[in-house]
Amino acid sequence: MHTLVDMHYLTRKEFERNLQGLTEEDARKRVEPMNCISWIIAHVACQYRSFFVDWPQGKETDPRYQVYGYGSPASQPPLEEAMTLWRDACQEADAWLQSTTSESLQNKGTFTSPENENWGTLLVRSIFHTWCHLGEISSIRQILGHKPPQFVNMHDWSYSST
């Protein structure tokens, strides 16, 4: 598996670890100007779906994700709805992620990216985007009175999705 894909799986694992123990009430609590945690989960799932399913696999955009795209208005979706989007996007993304190679990540897709990025750059963009929102989730949870998790679980270096 390509190193960037390993980094992606580490990021995904850390994102999920930071959601552990989250209650419905905390997930839907909006601390302005930030979005609520359940919206953030669905938003990151929306990017995964676009970057790793719709664009590279040529699938139709799933309308369930559209309300969480960049620039979409804030909402407070149920936690289970957001987690379903997350799990579905991750599962569908794995087919493409696990087939990547150094060569394929240097290719540009048939989609139109504003920056005309290749697949590797989009993968890195997704990693950074997820870490950004992971920090936001950690901040919201601390504001809500939760103890912050240890930064990057140093006891589990198994990154892959398997």
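The values are calculated or read from the model by the stated rules, or taken from the named source; none is laboratory data. Here the structure is a predicted model, which is why all the values come from computation and not from measurement. Cβ placement follows ideal geometry from the backbone for every residue including glycine, while neighbour counts extend to all protein chains displayed.
Summary table below
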| item | result |
| --- | --- |
| Test: residue in the stretch 62-83 that is closer than 24 Å to residue 124 by Cβ and touching a Leu at 6+ places or on another chain (Cβ under 7 Å) | yes |
| Some residue of the stretch 55-62 being modelled with pLDDT under 95 and buried (at least 18 other Cβ atoms within 10 Å of the Cβ) | yes |
| Condition check for residue 38: modelled with pLDDT under 95, surrounded by 17 or more Cβ atoms within 10 Å (Cβ to Cβ) and hydroxyl-bearing (Ser, Thr, Tyr) | no |
| Number of positions in the stretch 90-148 that are farther than 22 Å from residue 70 by Cα and of a type in the set (A, V, I, L, M) | 5 |
| From 95, 89, residue being within 21 Å of residue 28 (Cα to Cα), touching a residue at least 12 places away in the same chain (Cβ under 8 Å) and of a type in the set (Gly, Ala, Ser) | 89 |
| Subset tally (residues that are at pLDDT 90 or above and under 17 Å from residue 5 (Cα atoms)) for the stretch 119-159 | 13 |
| Pairs with Cβ under 9 Å, 6+ apart, first in the stretch 51-70 and under 12 Å from residue 93 (Cβ atoms), second exposed (fewer than 14 other Cβ atoms within 10 Å of the Cβ) and acidic (Asp, Glu) | 54/60 |
| Matching residues in the stretch 24-34 - criterion: being touching a residue at least 24 places away in the same chain (Cβ under 8 Å) and surrounded by fewer than 23 Cβ atoms within 10 Å (Cβ to Cβ) | 24, 26, 28, 29, 30, 31, 34 |
